[in-house]
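Asker: After the structure tokens below, expect a handful of questions from me.
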Amino acid sequence: MNLETSKNLGGVGAILMFLGVLPWIAPYSWIIGLVGLILVLVAMKGFADYYNEASIFNNTLYGVITAIVGGVVFVGVVFIALVDFLAELGMTIGNVADWSAEFSQMDWTSVDFNIIGNFAAYIFLGLVVLFVFVIITAILLRKSLGLLSTKTGVGLFGTTGLLILIGAVLTIIAVGLILIWIAMLILAIAFFSIRAQQAQPTTSAEAPTQV
């Protein structure tokens with residue numbers, strides 16, 4: 001894959017990831033975002049091959065895998081917490097049809113505080129684990145983008161990596177997610193800013209003039 005193809009795939013992919021969270025395309029956002037992510041991964045593989053620097057792609061791939069694992073672990077923890085919470089309230093799969101009535105008739109003031117506390121502890125644990133995975137993902141992506149910035153001479157890749165890392169740290173508030181979203185747009189601009197590097201002319205020392 002040549003440099004031009006890689007930069008175009010990366011630019012289009014980053015734009016799709018940026019557009020994937022906009023509200024008016026919400027029903028299809030996950031598809032658009034997924035396609036964008038795949039295009040960016042293909043582009044990073046192309047850059048890794050072009051510059052003979054495997055870490056450009058490997059760090060990106062590991063970052064994506066880490067994010068997926070973190071999401072799966074978080075969902076798993078929340079699911080376990082929910083099942084445990086419902087079981088403590090006497091709700092099981094066997095009486096799922098009666099859940100609506102039981103919820104409406106339940107006196108929440110009489111529910112043991114420990115049950116609610118355990119559920120909250122599970123959720124907090126899941127959020128902490130997810131936060132750790134998000135930070136690791138951001139660090140890996142920043143390494144990859146830092147290498148790409150060095151190889152291409154486009155400083156915006158480094159800026160994108162820094163924004164992603166800051167956004168990851170600030171995911172506990174909405175500002176972090178906004179920063180990561182903006183980083184996707186900057187990433188697209190960075191991809192399209194890449195120019196083919198011209199070969200440097202070779203110079204040879206002139207032979208001394210014979211007198």
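Asker: Identify, by number, the condition in (1) part of a helix (DSSP H, G or I); (2) loosely packed, with under 13 Cβ neighbours inside 10 Å; (3) at pLDDT 90 or above that Gly70 doesn't meet.
Answerer: (2)
Asker: Same structure again: What's the total number of residues in the range 1-48 that are loosely packed, with under 14 Cβ neighbours inside 10 Å, at pLDDT 85 or above and either more than 19 Å from the chain's Cα centre (by Cα) or among the charged types (D, E, K, R) (or both)?
Answerer: The qualifying residues number 3.
Asker: With buried (at least 16 other Cβ atoms within 10 Å of the Cβ), modelled with pLDDT of 90 or more, in a loop (DSSP other than H, G, I, E, B) and of a type in the set (Val, Ile, Thr) as the only criterion, which of Val154, Val134 stands out?
Answerer: Val154
Asker: I'd like to verify a number: residues in the range 181-192 that are crowded, with 23+ Cβ neighbours inside 10 Å and within 13 Å of the chain's Cα centre (by Cα), how many?
Answerer: Selection size over the range 181-192: 3.
Asker: Would you check which residues across the range 119-131 are aliphatic (A, V, I, L, M), in contact with a helix residue (DSSP H, G or I) (Cβ under 9 Å, 6 or more places away or on another chain) and surrounded by fewer than 17 Cβ atoms within 10 Å (Cβ to Cβ) and list them?
Answerer: Passing the criteria: Ala120, Ala121, Ile123, Leu125, Leu127, Val129.
Asker: State which residue pairs qualify: first residue part of a helix (DSSP H, G or I) and inside the range 73-84, second residue hydrophobic (A, V, I, L, M, F, W, C) and surrounded by 17 or more Cβ atoms within 10 Å (Cβ to Cβ) in any location, beta carbons under 9 Å apart, and separation of 6 or more residues or different chains.
Answerer: Val73/Leu130; Val73/Phe133; Phe74/Leu130; Phe74/Phe133; Val77/Leu130; Ala81/Phe119; Leu82/Phe119; Asp84/Phe119
The values are calculated or read from the model by the stated rules, or taken from the named source; none is laboratory data. This one's a predicted model, so the numbers in the text were calculated from it and none came from an experiment. Note: ideal-geometry Cβ built from the backbone for every residue, glycine included; neighbour counts use all protein chains shown.
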